[in-house]
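J.: Encoded as C-alpha cells, here's the structure I'll be asking about.
The values are calculated or read from the model by the stated rules, or taken from the named source; none is laboratory data. Keep in mind that what you see is a predicted model, and the values were worked out from it rather than measured. Cβ atoms come from the backbone with ideal geometry, glycine included; neighbour counts cover every protein chain shown.
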Amino acid sequence: MRAVLATPELIDAQVAEPTPGPHDLVLQVEALAVNPVDTKVRAGIAPGGPGRILGWDAAGVVVTCGEAVSRFRPGDAVMAAGDIRRPGCYAERLAVDARLVGRKPENLSWAEAAALPLTTLTAWEGLFEGLGFDPDGGGCSAGESAGHSLLILGGAGGVGSLAIQLARRAGLRVIASASRPESRAWVQEMGAEQVVDHHLPLAPQLQALGLEQVDAIANFSDTDAYWDAMGELIRPHGSLLVIVGNRGPLAMERLKEKSVRLCWEFMFSRSAAGGDGQLAQGRILDRLAALVEAGEIRTTLGQTLGAICAASLGAAHALLAEGRTFGKIALQGWPQR
Ligand SMILES: NC(=O)c1ccc[n+]([C@@H]2O[C@H](COP(=O)([O-])OP(=O)(O)OC[C@H]3O[C@@H](n4cnc5c(N)ncnc54)[C@H](OP(=O)(O)O)[C@@H]3O)[C@@H](O)[C@H]2O)c1
C-alpha cells in the first residue's frame with residue numbers, strides 16, 4: 001500500500017499492509033489531519049533507520065474487523081486518533097483498536113471529520129474528566145456549577161477550537177486567548193465570549209473584563225511560559241489543565257497556597273493502558289458525532305491542503321512549525337496513480 005514515511009524526511013513509499021489484531025479494525029484512510037505531535041515525533045527520528053508512519057487523526061471506511069470487534073462492520077464510516085506507539089495514518093490503510101474508534105458524523109466531509117478525533121479527545125478528557133465540568137452544563141464533580149469562568153490559553157489552535165465549543169456548551173463563561181486578527185475572529189466564531197491576547201500581560205486584560213481571577217484555566221500552549229501567570233490568575237480552590245510537557249521544574253508553592261488542583265491530560269494515556277478502558281474514547285467520539293449532527297458542535301477544519309502525499313504533508317508540517325495556524329489542517333484523498 002502507499003504510505004508517507006518519515007525518515008525523518010517525508011517520502012512517498014510502498015509499505016506492507018498492516019497486520020490487525022483481534023480487537024483491531026482496518027480502515028481505508030480517506031482523509032487525515034496533522035497535529036504538533038506528528039512534527040515532535042518526526043524530530044526524534046534518527047536518519048538512516050527504516051522510517052516511521054506518522055499521523056494520529058484519520059477518517060475513513062472500515063475494510064476488515066478483527067474477531068473481537070462488535071461495534072463496527074466493513075463499510076462503516078469512522079474516525080480515530082489511535083495509538084501513538086503504533087504506525088499512524090499517513091498510509092492508505094490503518095490498523096487501530098476498534099475501542100478507540102468512533103463513527104464519522106454523517107453531515108461532514110472526510111476532511112472535516114479527520115479534523116476532529118485527537119483534539120476532541122484531548123479537550124473532552126481535559127475539561128470533563130480532568131477539570132470535572134459537566135459536558136451537558138449541569139453541576140460538576142468538583143462542586144462547581146455552570147457559569148463559572150474558564151480561561152483558555154491558545155484558543156485558536158486545534159485543541160482550543162474544540163475546547164471553546166465544548167466549554168460553551170457546558171455553560172462555562174469562556175475567555176480565550178488569540179494574538180492575531182484572524183485568530184481572534186476564529187475563536188469568536190468557535191464561541192469564545194471574550195478574547196485576550198497571549199502576547200500581552202493577561203492580568204490587566206482580565207481586569208478590564210471585570211475578572212481579577214478565574215475559576216479554571218486550560219493551557220493548550222507552553223506550560224512553563226504560563227506557569228507564573230496561571231498561579232496568579234487562578235482563584236483559590238480553582239483548577240488548572242495542562243497538556244504540554246514541562247521543560248523545567250515547576251514551582252508548586254503557589255498552587256499549594258491557593259489549594260489549586262492541577263490536571264494533566266495526555267490523550268494517548270488510554271491506548272497506552274490498553275484493555276476495555278479504551279472504549280471510553282470510542283464513546284466520546286460517538287458522542288461528538290451526535291453533537292455535530294445535531295448542529296451543537298462544528299468541525300474545526302481550517303484548511304485542506306490537497307491529497308495525501310509527502311509534498312502536501314511537508315507543507316502541512318511547515319505550517320504547523322510556524323505555530324500560527326487556526327483550527328486544523330487536513331489532507332483528503334490519495335493522488336491519482
Ligand atoms: N497532551 C495531549 O494529549 C495533547 C493533545 C493535543 C495537543 N497537545 C499539544 O498541545 C499543544 C497545542 O496543540 P494544538 O493542536 O492546539 O496546536 P496548534 O493548532 O498548532 O496551535 C496553534 C495555535 O497556537 C497559538 N499560539 C501560538 N503561540 C502561542 C502562545 N505563546 N500562547 C498561546 N497560544 C499560542 C496560535 O494562536 P495565535 O495565532 O493567536 O497566536 C495558534 O492558533 C501542542 O504542543 C501539542 O503537541 C497535547
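J.: Are any of the residues in the stretch 59-75 of a type in the set (Asp, Glu) and in contact with a strand residue (DSSP E or B) (Cβ under 9 Å, 6 or more places away or on another chain)?
T.: For the stretch 59-75, residues of a type in the set (Asp, Glu) and in contact with a strand residue (DSSP E or B) (Cβ under 9 Å, 6 or more places away or on another chain): absent.
J.: Same structure again: Taking the options Glu112, Glu92, name whichever one is under 28 Å from Leu27 (Cα atoms), charged (D, E, K, R) and either surrounded by 24 or more Cβ atoms within 10 Å (Cβ to Cβ) or in contact with a Ser or Thr (Cβ under 7 Å, 6 or more places away or on another chain) (or both).
T.: Matching residue, one of Glu112, Glu92: Glu112.
J.: If you check Ala178, Ala203, Ala167, which single one turns out to be outside the structural domain of Leu301 (by TED's automatic domain parsing), more than 9 Å from the ligand (Cβ to nearest atom) and crowded, with 24+ Cβ neighbours inside 10 Å?
T.: The conditions single out Ala167.
J.: Take the residues in the stretch 18-74 that are of a type in the set (Val, Ile, Thr) and part of a loop (DSSP other than H, G, I, E, B), then tell me which one is farthest from the ligand (Cβ to nearest atom).
T.: Thr19
J.: Continuing with this model, one more query. Quick one: which of Phe128, Phe133 is out of contact with any Pro (no Cβ under 8 Å at 6 or more places or on another chain), of a type in the set (A, V, I, L, M, F, W, C) and outside the structural domain of Glu322 (by TED's automatic domain parsing)?
T.: Phe133
J.: Shifting gears a bit: Can you confirm whether the stretch 24-38 contains a residue that is free of Cβ contacts under 8 Å to residues at least 40 places away in the same chain, assigned by TED's automatic domain parsing to the domain that holds Glu112 and of a type outside the set (A, V, I, L, M, F, W, C)?
T.: No: the stretch 24-38 contains no residue that is free of Cβ contacts under 8 Å to residues at least 40 places away in the same chain, assigned by TED's automatic domain parsing to the domain that holds Glu112 and of a type outside the set (A, V, I, L, M, F, W, C).
J.: Hey, Leu118 hits all of (1) over 26 Å from Ala203 (Cα atoms); (2) at pLDDT 95 or above; (3) outside any helix (DSSP H, G or I) but one; which does it fall short on?
T.: Just one mismatch for Leu118, condition (3).
J.: While we're here: What is the number of the single condition among (1) farther than 21 Å from Gly277 by Cα; (2) crowded, with 22+ Cβ neighbours inside 10 Å; (3) in contact with a Cys (Cβ under 8 Å, 6 or more places away or on another chain) that Ala33 does not meet?
T.: The one condition Ala33 does not meet is (3).
J.: A further question follows. Would you be able to say whether some residue in the stretch 313-331 is more than 24 Å from Ala98 (Cβ to Cβ), at pLDDT 95 or above and of a type in the set (Ser, Thr, Tyr)?
T.: Looking for residues that are more than 24 Å from Ala98 (Cβ to Cβ), at pLDDT 95 or above and of a type in the set (Ser, Thr, Tyr), one finds none in the stretch 313-331, hence no.
J.: Output yes when any residue across the stretch 145-156 is within 16 Å of Ile297 (Cα to Cα) and outside the structural domain of Glu30 (by TED's automatic domain parsing), and no when none is.
T.: Within the stretch 145-156, one or more residues are within 16 Å of Ile297 (Cα to Cα) and outside the structural domain of Glu30 (by TED's automatic domain parsing).
J.: Using beta carbons and a limit of 6 Å, which pairs, at least six apart or on different chains, have the first residue in the stretch 71-98 and more than 20 Å from Ala6 (Cα to Cα) and the second one surrounded by 20 or more Cβ atoms within 10 Å (Cβ to Cβ) and of a type in the set (Asp, Glu)?
T.: Within 6 Å, the pairs are Asp97/Asp24.
J.: Identify, from the list Ala272, Ala307, Ala289, the residue that is of a type outside the set (D, E, K, R), out of contact with any Leu (no Cβ under 9 Å at 6 or more places or on another chain) and either under 17 Å from Ala81 (Cβ atoms) or not assigned by TED's automatic domain parsing to the domain that holds Glu232 (or both).
T.: It is Ala272.
J.: Let me ask something additional. (1) within 11 Å of the ligand (Cβ to nearest atom); (2) assigned to a loop (DSSP other than H, G, I, E, B); (3) without any contact (Cβ under 8 Å) to a residue 24 or more places away in the chain: which one isn't true of Leu319, the others all being true?
T.: The number of the failed condition is (2).
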